[in-house]
Amino acid sequence: LTILGAGLFSMLLQPDGAADSPYLWMFLVPSLVLGLPALAGMVDVERRAGCLDLALTAPAAELYFVRRAAAVGLLMALQGGAVMLLAWLLSGRDFPLLSPLLSVAAVSVFLAAVALFWAVRLRSAGAVWLASTATVVLFGSWVFAAPIPPRFDSVYGPLLPGLEAALPWLGSVAVLTLSSAIFFLYARRRLRRPERMIS
């Protein structure tokens, strides 16, 4: 809440600042600083409680852990979407809204899929967090790509940027979406072999 409040206050004080600052400071940074550690412990909490074997032998074991990752990812996406909508309204609709909303969704799904991928392979939440952070760094050029075009020298409407400004953003969203699907499929494959997670 402190990060979000400071970001909104800064945006109100500096209306001519960078257009992508709400996305970076009020969605991306809180998601990495708070969301990723929350995702990292989704399997380790069961292991430390001694309930991992019970959770994995349940009929819907795969869905159990996928729901955990999806819940945190959905919370990040809803918070990011609400923040971007508020920033858009407060700025007088000064940037295209749909591009940051789609980026918020793509990054949230990517973080959840990456954390799930590592959580079903590594034994501790700390190791999952480190591996997930390293993965985010490797994908940094797409994760940190600004979905909002520069305020000057760009043509954009209230909902979507122009074609020239949209191409790099669409490429980042495509890479994150495809990568999320791959990470999720490999995580699901591991969840379907619970004996490898218990040993």
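What length, rounded to one decimal in nm, is gained on full extension from Arg121 through to Leu185, with 0.36 nm per residue of separation minus their alpha-carbon distance?
Stretched fully, the Arg121-Leu185 segment lengthens by 21.7 nm.
Under a crude label model (7 Å from the Cα following the beta-carbon direction), how far is Tyr64 from Val33 in nanometres?
Between Tyr64 and Val33, the simple spin-label model gives 3.4 nm.
With a 1.4 Å probe and all protein chains left in place, how much accessible area per residue does region 84-155 have, in Å²?
Spelled out: the 1.4 Å probe surface of region 84-155, per residue, equals 45 Å².
The values are calculated or read from the model by the stated rules, or taken from the named source; none is laboratory data. Worth saying up front: this structure is predicted, and the values here are computed from it rather than measured. Every residue, glycine among them, receives a Cβ derived from its backbone with ideal geometry; neighbour counts consider all protein chains shown. Ligands, DNA and RNA are excluded from the accessible area calculation, which covers all protein heavy atoms including side chains. Shrake-Rupley method; radii C 1.70, N 1.55, O 1.52, S 1.80 Å.
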